[in-house]
Amino acid sequence: MILTTHALAGAAIGKNFDNPWLIILLSLAFHYIMDSFRHGEYLDRKSFFKNTWWKVVLDLFIGLTIIGVAIFSKNFNLRETSIILLGSFFSMLPDLLTVFYWKLNFKILEKIFNFHAWVHKHPPFSPERAWTFRNSLNDIIFSLVAIFLLFT
């Protein structure tokens, strides 16, 4: 899944639950559940930081902009805003930890990396993870459901 999808799902969890510990657990769990579905990824074998950083920034910008619009249009108070952002952060955290292991070789994160890789049914760079409409359909559906939950 792309970061926007994870951010929106975590924000929707934060909006609909009040307990921060439950939000953290659900956001992490839903990250892995969503990653078990077929989904497209914009990274490929030719991806390096110098040619993909802008995709990550754009992905984060889109997700956080939608969340920001929801926060401001729904007039959430500081506590509600905090737990929405908490859910969003923890829903994206497994991908951040994966990058830390993958690029910086933090051995302490190896088990998390291996679990994250195991959750994905399709191996990296397989046709089932290519950036196509068919593969991105689950991202679109999860994102639309999360946006609905965030704005209602």
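For the reader, a short list of remarks on this structure follows.
- Extension gain (nm, one decimal) between S126 and N75, 0.36 nm per residue minus Cα-Cα: 14.1 nm
- Three principal axis extents of segment 3-151 based on alpha-carbon atoms, in descending order, are 43, 35, 28 Å.
- Each residue of segment 73-79 is assigned a 3J(HN,Hα), and the resulting list reads 6, 8, 6, 5, 7, 4, 5 Hz, derived from the Karplus form 6.51 cos²θ - 1.76 cosθ + 1.60 (θ = phi - 60°), x at Gly and Pro.
- Potential extension, V56-L149 segment - 0.36 nm per residue separation minus Cα distance: 31.0 nm
- Taking amide H as placed 1.01 Å from N in the peptide plane, W131 has its amide H under 5 Å from the amide H of E41, each at least 5 places away in sequence or on another chain.
- For the set K74/K107; K15/K46; K50/K111; K50/K74; K46/K111, the pairs lying more than 32 angstrom apart at their alpha carbons are K74/K107; K15/K46; K50/K74.
Where a number appears in this text, it was derived from the coordinates with a stated rule and is not lab data. Remember, it's a predicted structure, so these values are computed and weren't measured experimentally.
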